[in-house]
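The values are calculated or read from the model by the stated rules, or taken from the named source; none is laboratory data. Keep in mind that what you see is a predicted model, and the values were worked out from it rather than measured. Here Cβ is always computed from backbone atoms with ideal geometry, including for glycine, and neighbour counts include all displayed protein chains.
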Amino acid sequence: MSKFNRTNKVTNRRISKSSISKTLLVEVSWEVCNQVGGIYTVIRSKAPTMVKKWEENYTLLGPYVHDQAQAAFEPLPLEESNAVCRAVKRMQESGLDVHYGEWLVTGKPKVVLVNPNSVYDRLGEIKYNLWDHHGIPLPSQDDWLDKSAAFGELSRIFFSILAEEETSKNIIGHFHEWMSSTAIPELRYEGVNISTIFTTHATMLGRYLAANDQEFYHHLPFFDWEKEAINFNIEPQVRIERAAAHGAHVLTTVSEVTGQECIHLLGRKPDEITPNGLNIERFTALHEFQNLHKEYKEKIHQFVMAHFFPSYTFDLDNTLYFFTSGRFEYKNKGFDTTLEALAKLNYRLKQEQSDVNVVMFFVTKRPYQSVNPDVLHSRAVMEELRHTTKMIQNQIGERLFYAAASSDDHKLPELNEFVDEYWKLRFRRTLQSWKSGGLPSVVTHNLYDDHNDEILNFLRSSNLLNHEDDRVKVVYHPDFISPSSPLFGMEYGQFVRGCHLGVFPSYYEPWGYTPLEAMASGVPSVTSDLAGFGDYVVNNLQDHEEKGIYVIDRKNANFDAGADQLAYKLHKFIKMDRRQRISQRNKTEHNSTFFDWHNLIHHYDKAHNLAITRNKKGM
């Protein structure tokens, strides 16, 4: 059991069907029907399990964002017998822009979407109340804070009306992150009869401090939260977060690691750890996942050939594809540790005179002007070369057949004679225009701030620049991979399936979906014990390395030691033979069900039970 979980009987019990039938649960998030960041994945992937468990007693509350709602929301008629519908109708009658319907994702959960703009004329009053009642200062002309305050006010109105409309059932309001949570302290201030839960997926202050302090975790108990919030100019957000954490009946967070932040930065110990899961069924490919790996690896081969082969060639059959991805947070995401480990790995493989090549992909989002013209040209010329060789192949095949059928000679003819001069010349010209003497670029796009980019600066200073004798080669792709990408032309999930290993040694990662998504796709990965996912694996999944989840120790190790560990684990993976890698992919994919929401939802059950109990007791 988590060290944060309380020992009373309530938290050790799953919520019963009887309790569910007498309870309305409304989950509130800025990312309901609104894809912004990682919480969207949490809410969306959890929805099918929640709908199955709670049925008509489960509703989501989010912002009405027209462009996203157009694609993901379907309006439904308001039913008089439904308390949520009655609350929506009353809000509409008062002139508020509120919508009721289904979110068009798996499970089709019922959703209420509120338009923050519909209370912008009252922003002054809303901000005054937050300051007067809770000491939360909201400066003017800050769009995010204005949206948060407006969304929180609409959430407050909705729950106040819902509590009037539904008096025979318990009502739980479960709020995710600071953007949705200004309603919590106001609902408690007004004494509205609902049970409240606040889940922080990452403390606002923790993210800033971790990115700017090499010893963040050692210094964590000693930070002055108020001073640091002012220093980073995020005092309003931090005060909102603290007010929600202290105002909610129940505080939860997604990992033991973030639980420490809650204690020291929010001033409250979490009541429950609610780890994130996935709807594993979405990723399931049954016995096909090995075939899918082969299919998508072949697509990556095509990119690698276009990118590297104009300069030099190597054996693709003896090449491993590693990748990392996510927001560009150089230190927090562990990009710095990954690069240091790659440099060490490259040196070691060269010393061993290894014949293995590793191509490491960095997939993140950075401001860029365009795709590098040389990279794009190389891809286009390779496709021209493919077309030319295909035409030559067809011509030879047809003429060889006729020659063989009409000849008494049993010897293979000189195939060169079957190719027209036109195609011979075109073949030579295409090949000449494709081959170049320069090194393959380490970055696929022209960045706006090339000279200040931390990844590029490390690659340059360490001379990890895709030399022919480098065993580790780097491809930095500063844009997310999608089917519209001229370089890959595939979905990100397909790209992941085509790789051999994901590398995510995060320094600050409250949970970390990327290694979990890799696992669900049957792809082993490396994470760290400072990532919530990695910490959970270490404490809950036995023999995790055999199952394809490598965890490096960053809690007790400094930067250099962490990079050494990572280099060692990467080297260990490289030394596996093909049969061992296939076996590990099977285990990885099989054990991903451990993280299915169906198996993790009981953590939320405990939080829901505890919130109802505390509300009834007036706590």
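Of the helices (runs of 4 or more DSSP H) entirely within region 483-587, those holding at least 1 residues that are modelled with pLDDT of 95 or more and of a type in the set (Ser, Thr, Tyr) occupy 559-574. The helices (runs of 4 or more DSSP H) found wholly in region 256-358 and carrying at least 1 residues that are under 23 Å from the mean Cα position of the chain (by Cα), modelled with pLDDT under 95 and more than 30 Å from GLU226 (Cβ to Cβ) occupy 289-308. For ASP470, state whether it is more than 30 Å from THR199 (Cβ to Cβ), more than 25 Å from the chain's Cα centre (by Cα) and surrounded by 16 or more Cβ atoms within 10 Å (Cβ to Cβ). It is true that ASP470 is more than 30 Å from THR199 (Cβ to Cβ), more than 25 Å from the chain's Cα centre (by Cα) and surrounded by 16 or more Cβ atoms within 10 Å (Cβ to Cβ). A Cβ distance below 9 Å, combined with a sequence gap of six or more or placement on separate chains, defines the contacts here; from region 413-437, residues that are at positive phi reach no residue that is part of a helix (DSSP H, G or I) and modelled with pLDDT under 80.
Consider region 527-573 and keep the residues that are β-branched (Val, Ile, Thr) and touching a helix residue (DSSP H, G or I) at 6+ places or on another chain (Cβ under 9 Å). The one that is farthest from GLU215 (Cα to Cα) is ILE549. Taking helices (runs of 4 or more DSSP H) as the structural unit, no element lying wholly within region 186-254 holds at least 3 residues that are modelled with pLDDT of 95 or more and touching a strand residue (DSSP E or B) at 6+ places or on another chain (Cβ under 6 Å). Identification of helices (runs of 4 or more DSSP H) wholly contained in region 28-123 with 1 or more residues that are more than 24 Å from ARG156 (Cβ to Cβ), among the aromatic types (Phe, Trp, Tyr) and assigned by TED's automatic domain parsing to the domain that holds ILE161 yields no element. Of all residues in region 505-528, exactly one satisfies the criterion of being crowded, with 24+ Cβ neighbours inside 10 Å and among the charged types (D, E, K, R), namely GLU509. Only residues that are crowded, with 17+ Cβ neighbours inside 10 Å and outside any helix (DSSP H, G or I) were counted across region 420-452, and they come to 7. Which one is surrounded by the most Cβ atoms within 10 Å (Cβ to Cβ) among residues in region 541-557 that are more than 19 Å from LYS331 (Cα to Cα) and in contact (Cβ under 8 Å) with a residue 12 or more places away in the chain? Here the residue is GLY548.
Among residues of region 359-379 being of a type outside the set (S, T, N, Q), over 26 Å from the mean Cα position of the chain (by Cα) and buried (at least 19 other Cβ atoms within 10 Å of the Cβ), the one that is farthest from TYR508 (Cα to Cα) is ARG379. Counting the residues of region 162-179 that are part of a helix (DSSP H, G or I) and either touching a strand residue (DSSP E or B) at 6+ places or on another chain (Cβ under 9 Å) or buried (at least 22 other Cβ atoms within 10 Å of the Cβ) (or both) gives 4. Candidates PHE159, PHE151: the one that is closer than 25 Å to THR253 by Cβ, touching a residue at least 60 places away in the same chain (Cβ under 8 Å) and more than 30 Å from the chain's Cα centre (by Cα) is PHE159.
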